[in-house]
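Worksheet: the structure to be examined is printed underneath.
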Amino acid sequence: MSKGLIIAFEGIDGAGLTTHSKLLVERLRRDGYKVGYSKEPTWGPIGYLIRELILGEDVDQDIMALLYAADRLWHVRHYSCLGVSLSKALSEGYIVVIDRYKYSSIAYQSLGSDPSWIDILNSKAPEPNIIVYIDITPEVAFRRVKERRVTYYYETVNRLSKIREQFSKALSLAESKGVYVIKIQGLNEMGKERSIESIHEEIYSRIIRFIRQL
């Protein structure tokens, strides 16, 4: 495959994005694909600032939208977890699996900012080819994030519920731009958490089907 791809994992906090994005990278690598993992916020200077700010309660969403957009442009032009910029990795034919990308900004910062403006702010970042959206309830998400040592501004049941609603709108926007959106249910029909293995197999089967059609 000569042209690279962006596969972005999206969802509310606690949905398992890091786990499943890394599992997909490992699986595709075993299949022989040039693939790498990256993450937002980045570990660049703006990403560090973002991480500091979301530890507090006084979070201005307009400022956060600007910071996330700037960090994303840093990611695209200067550095990713692959050791090169996202643009360079794509030009070299990599499949880049990103743990959160631009549609997280639209969903999260819409808590206090205009989603249309956020979309414009992120217009210089390339669209993902695929979004994998893992859906879980705010209650399950909150229980999971409370098990961590650190919790962030967005990690309350009320805020997670609002962000989940905004994701529905953000994903519709992505689809209107031609992005292939894969929606994965993190809970079964009984409301119980699905196993990591079953979720991974569903993600992998749908991703590999898309890639093989290219």
Helices (runs of 4 or more DSSP H) (entirely within the stretch 109-214) containing at least 1 residues that are more than 29 Å from Y94 (Cβ to Cβ): 115-121, 138-146, 157-176
Meets criteria (polar (S, T, N, Q), in contact with a strand residue (DSSP E or B) (Cβ under 7 Å, 6 or more places away or on another chain) and assigned to a helix (DSSP H, G or I)) for S80: no
Where A141 falls short, out of the listed (1) surrounded by 16 or more Cβ atoms within 10 Å (Cβ to Cβ); (2) under 12 Å from G16 (Cβ atoms); (3) at pLDDT 95 or above; (4) of a type outside the set (D, E, K, R): (3)
Any pair with Cβ under 8 angstrom, 6 or more apart, that starts in the stretch 195-214 at a residue that is farther than 23 Å from G4 by Cα and ends at one that is assigned to a helix (DSSP H, G or I): I196/T19; I196/H20; I196/L23; I199/H20
Selection count where residues are closer than 25 Å to I182 by Cβ and not β-branched (V, I, T), scope the stretch 72-90: 9
Any hit, the stretch 10-19, residues being assigned to a strand (DSSP E or B) and not β-branched (V, I, T): yes
Any hit, the stretch 89-107, residues being within 27 Å of E193 (Cα to Cα), in a helix (DSSP H, G or I), aliphatic (A, V, I, L, M) and out of contact with any Lys or Arg (no Cβ under 6 Å at 6 or more places or on another chain): yes
The stretch 78-110, subset crowded, with 24+ Cβ neighbours inside 10 Å and among the polar types (S, T, N, Q), residue nearest to I46 (Cα to Cα): S80
Residues of the stretch 178-197 classified as surrounded by fewer than 10 Cβ atoms within 10 Å (Cβ to Cβ) and either modelled with pLDDT of 95 or more or among the acidic types (D, E) (or both), total: 3
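Table: residues versus (1) of a type in the set (V, I, T); (2) closer than 22 Å to S80 by Cβ; (3) over 16 Å from the mean Cα position of the chain (by Cα).
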| site | (1), (2), (3) |
| --- | --- |
| I98 | yes, yes, no |
| Y103 | no, yes, no |
| D114 | no, no, yes |
| S123 | no, yes, yes |
| E139 | no, no, yes |
| R143 | no, no, yes |
Meets criteria (under 16 Å from the mean Cα position of the chain (by Cα) and free of Cβ contacts under 8 Å to residues at least 12 places away in the same chain) for E189: no
Residue satisfying condition, being touching a Phe, Trp or Tyr at 6+ places or on another chain (Cβ under 7 Å), of a type outside the set (F, W, Y) and within 21 Å of I182 (Cα to Cα), within set G56, G4, G44: G4
Residue check for R159: of a type in the set (D, E, K, R), crowded, with 17+ Cβ neighbours inside 10 Å and either under 20 Å from I7 (Cα atoms) or touching a helix residue (DSSP H, G or I) at 6+ places or on another chain (Cβ under 7 Å) (or both): no
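The values are calculated or read from the model by the stated rules, or taken from the named source; none is laboratory data. Please read all numbers here as calculations on a predicted model, not as lab measurements. Neighbour counts are summed over all protein chains in view; Cβ atoms, including those assigned to glycine, are modelled from backbone coordinates with ideal geometry.
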